[in-house]
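What follows is a single structure, written as structure tokens, with notes after it.
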Amino acid sequence: MTTYSPTAPARKRPGSGAGGKRGLRPWTLAVGAIIALQGVVIGALALNGYFYLDDLDMSAEAAKHPFGWDYVTLALNDHLTPGLRTFYWLSAHLAPYDNTSTVVVRLLAQAVATGLMGYLLAQLVGPGKAALLGLGLYAFSPLLVPSLLSLSSGVNLLPAHIGILLLLVMHVRYEATRELRYAVFGALGVLLALVFWEKAVLSVALAPLLTLLYLNGGGFRAVWRSWRAWLAYATPVVVFFAFFVLGDYARSGSTPKVGDIWNVFWDAWMHSLAPALFGGPWNWYSAEIIYYSAAHPGPVTTVAGQLTAIVLSAVAVRRNGYRALRAWLLPFTVLLGTAVLLAAGRFEYVGVILARNFHYLSELTIPLVLAAVLLLVVPDREAVAERGRSGLWPDSSPNQAPASVGIGLVAVLLLYAVSYGITVRGFEERWVENPIRDYLTTGIHDLRTNAADRPIAIVDNTAPPAVATLLQVNRRVSDIFRPIERGLPTAVRWDDASRPLYMFDQGGHLLRARLVEEATSADQPGVFCAHPLRGVGSVTVTLSKRITRPDSFVRLDYLSQLPSTVSVRLADGDRTFAPRRFATPTLTAGKYSSLLLGTPGKAYDRVVVSTTDPDASICLAAKAGHAEPVS
């Protein structure tokens with residue numbers, strides 16, 4: 001069996017060459033070129049995108065809260081993601097709905113991740129052609145497309161990539177030097193990955209696998225000798241998941257079935273991971289307003305992916321013997337853990353589409369690329385250890401001339417580039433159809449224009465389905481536009497009957513609105529105060545019609561002798577519930593006034609008003625209906 005041997009002749013340490021000059025090496029320049037090309041390609045595509053449904057929901061949630069522990073530990077579905085919460089809070093408060101700033105942050109994060117990946121590959125196989133090819137496969141992997149173009153995925157996954165790669169880079173150095181500081185730095189990488197994406201815990205297994213398979217020759221005894229590193233890496237894992245379990249974040253999980261685990265594992269390999277080696281999947285799932293980061297490869301892409309894996313394995317066996325196939329343990333181990341998690345989570349509701357969702361498979365790019373490189377180039381343990389101790393160029397010879405590139409390799413690279421280009425183009429064509437950009441840019445412009453010189457009120461109706469779905473917590477227009485309110489020249493009031501009233505239409509245009517009455521309180525003819533509330537007690541104002549419209553309003557008209565605080569409830573049959581806004585208002589005194597109550601999307605036929613003020617003396621009437629734009 002042949003093994004990798006360093007291709008670079010002996011060279012001087014940096015700075016010790018002729019004249020003591022220190023320049024950028026060709027390999028470093030090539031890494032920089034890959035990072036720059038990745039930034040140009042992804043940056044151009046990302047700038048054409050915009051915030052999506054999840055981004056609006058999380059930005060709106062962030063704008064509600066002051067920054068603090070209670071906010072960053074809020075559950076997100078079943079997830080604990082303090083890193084993601086922090087990002088959206090900063091975005092909502094410092095640069096609300098500024099797509100360009102998020103693109104810059106994502107590109108910087110991906111540049112760091114790509115640089116770390118290049119360094120890790122160079123540690124393992126030397127700073128040569130194999131490391132550059134692996135780096136290109138990582139930088140332009142289809143598995144990363146949603147991570148780079150979709151903000152909500154990128155916020156989770158890009159820091160997770162950085163954390164995992166930092167762990168592995170530091171672990172190689174720890175194995176070479178046995179210096180505890182490198183294990184501590186690796187543990188910090190684990191912590192970084194976890195606070196953004198708890199599933200990154202599965203990739204921690206890559207460190208002991210590298211030790212067992214490549215970094216030490218002593219088998220499991222060698223793994224045990226690194227117990228200080230395992231203790232360091234386990235510390236953030238134990239602390240994080242202790243808080244996770246005690247906080248009762250995982251509420252919807254179930255015991256995974258072996259059949260479900262296998263289905264996820266096999267489908268993910270067949271239709272996601274293996275095609276990614278070929279530059280697939282080419283096609284993406286999409287449904288109406290859903291822009292979904294899941295693969296939908298055709299038979300040609302699926303077969304091409306399997307053939308690519310088979311050819312890689314055959315070449316590896318021919319070059320390095322059957323033992324080279326151990327490299328597949330890296331992605332298969334993480335994929336097995338992923339299959340268990342997905343089978344225990346939403347599998348029973350969603351099915352095998354989880355196995356093609358690149359949001360869940362993104363970090364598998366790291367072990368997949370490592371496997372592809374280590375199949376073909378088996379690391380030399382002594383050379384790896386020397387690079388771990390002294391850097392990528394530990395010897396003292398002059399720079400090596402760039403390696404030649406054969407015509408076969410050029411053909412393979414061109415084929416991959418075409419395949420990747422088709423994949424990215426397909427994702428981008430669907431992604432730019434996102435209607436949220438037009439809705440928000442129109443709404444923000446109109447809001448700033450109309451609030452420029454006068455206070456206004458806006459009917460807080462539900463945002464259109466293209467902007468907010470039923471699954472979102474923040475679905476009202478007040479939620480969607482909350483992040484930009486602090487930047488307006490005058491304050492906006494929602495559902496305030498005392499100001500000029502506006503409403504957003506389905507396209508985000510802010511138009512003058514009027515209230516269309518559908519029901520009134522059943523007044524007594526000739527009675528001045530048909531619904532009095534005097535002293536401690538309550539009064540029920542019955543409407544002439546049951547209101548079922550989800551975006552209705554209740555206008556409570558009143559005349560109060562003294563300022564009084566009241567409690568307002570809506571009722572339907574035996575149920576009572578609070579309105580969305582002004583549930584406990586303080587009524588002004590001395591004039592006939594109105595209060596516009598936001599309704600919570602439930603049917604009602606009565607308004608119940610109560611007070612604990614013994615001096616209260618209030619006359620009440622009510623009207624209900626809906627708002628519509630003034631033509």
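The values are calculated or read from the model by the stated rules, or taken from the named source; none is laboratory data. The structure displayed is predicted, hence computed values, not measured ones. For neighbour counting, all protein chains shown are included, and Cβ atoms are generated from backbone atoms with ideal geometry for every residue, glycine included. The accessibility values were calculated without ligands, DNA or RNA, using every heavy atom of the protein model including side chains. Shrake-Rupley method; radii C 1.70, N 1.55, O 1.52, S 1.80 Å.
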5 angstrom amide H check on residue 557, placed H, neighbours 5+ away: 595, 621, 622, 623
Cβ-placed point charges (K, R +1; D, E -1), dipole of segment 122-246 about Cα centre in debye, nearest 20: 320 debye
Debye, to nearest 20: dipole size of segment 67-203, +1 on Lys, Arg Cβ, -1 on Asp, Glu Cβ: 340 debye
Farthest positive-ward along segment 118-239 dipole, Cα basis, beta-carbon charges - from 219, 201, 144: 219
Degrees separating the helix 180-196 axis from the principal Cα axis of the chain, which is the longest one: 40 degrees
Viscosity 1.567 mPa s, 4 °C: Kirkwood-radius Stokes-Einstein D of the chain over Cα pairs, µm²/s: 46 µm²/s
Residue-wise HN-Hα coupling along segment 69-81, computed from phi with Karplus coefficients 6.51, -1.76, 1.60 (Hz; x: Gly, Pro): 4, 4, 6, 5, 9, 4, 5, 10, 6, 9, 10, 10, 9
Using alpha-carbon coordinates, inclination of helix 299-320 to the longest axis of the chain, degrees: 30 degrees
Surface per residue (accessible, 1.4 Å probe) for segment 489-529, Å²: 56 Å²
Residue-level accessible surface for residue 567, protein heavy atoms, 1.4 Å, Å²: 40 Å²
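Averaging the inverse of every distinct alpha carbon separation and then flipping it gives the Kirkwood radius. What is it for segment 16-133, in angstrom units?
17.2 Å
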Computed over segment 238-282, Kirkwood Rh from alpha-carbon pairs, angstrom: 13.3 Å
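List the trypsin sites (Lys or Arg not before Pro) in segment 558-622 that DSSP assigns to loop (not H, G, I, E or B) and whose Cβ has at most 12 other Cβ atoms within 10 Å. Which are they?
591
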Rg ratio (alpha-carbon, reference 2.2 N^0.38 Å) - segment 86-133: 1.68
Sulfur and carbon atoms: percent of accessible area, the chain [1.4 Å]: 62 percent
Accessible surface of residue 262 - all protein chains present, 1.4 Å probe, nearest 10 Å²: 140 Å²
Karplus (6.51, -1.76, 1.60) ³J(HN,Hα), θ = phi - 60°, over segment 231-245, in Hz, Gly and Pro reported as x: 5, 5, 5, 6, 4, x, 5, 5, 5, 4, 7, 5, 5, 4, 6
Rg/Rg_ref, segment 335-395, where Rg_ref = 2.2 N^0.38 Å and atoms are Cα: 1.71
Kirkwood Rh and Cα Rg combined as Rg/Rh, segment 422-537: 1.16
Computed over segment 558-622, Kirkwood Rh from alpha-carbon pairs, angstrom: 12.3 Å
Helix axis angle, 258-268 relative to the chain longest principal axis, alpha carbon, degrees: 70 degrees
Unit Cα scatterers, Debye sum, segment 164-283: log10 I(q)/I(0) for q = 0.10, 0.13, 0.19, 0.23 Å⁻¹: -0.43, -0.70, -1.06, -1.15
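What accessible area per residue, rounded to a whole number of Å², is obtained for segment 35-175 using a probe radius of 1.4 Å?
Values: 3990 Å² over 141 residues.
Per residue, segment 35-175 has an accessible area of 28 Å².
Can you tell me the FRET efficiency between residue 234 and residue 411 if r is taken as the Cβ-Cβ distance and R0 is 51 Å, rounded to the nearest 0.05?
Approximately 0.65, to the nearest 0.05.
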Cα shape, segment 464-598, gyration tensor, a/c 1.5 rule: prolate
Protection proxy ranking, peptides 35-41, 502-508, average beta carbon neighbours within 10 Å, highest first: 502-508, 35-41
Charge dipole (debye, nearest 20) of the chain; +1 at Cβ of Lys and Arg, -1 at Cβ of Asp and Glu: 2040 debye
Dipole of the chain [Lys/Arg +1, Asp/Glu -1 at C-beta], most positive-end residue of 434, 159, 30: 30
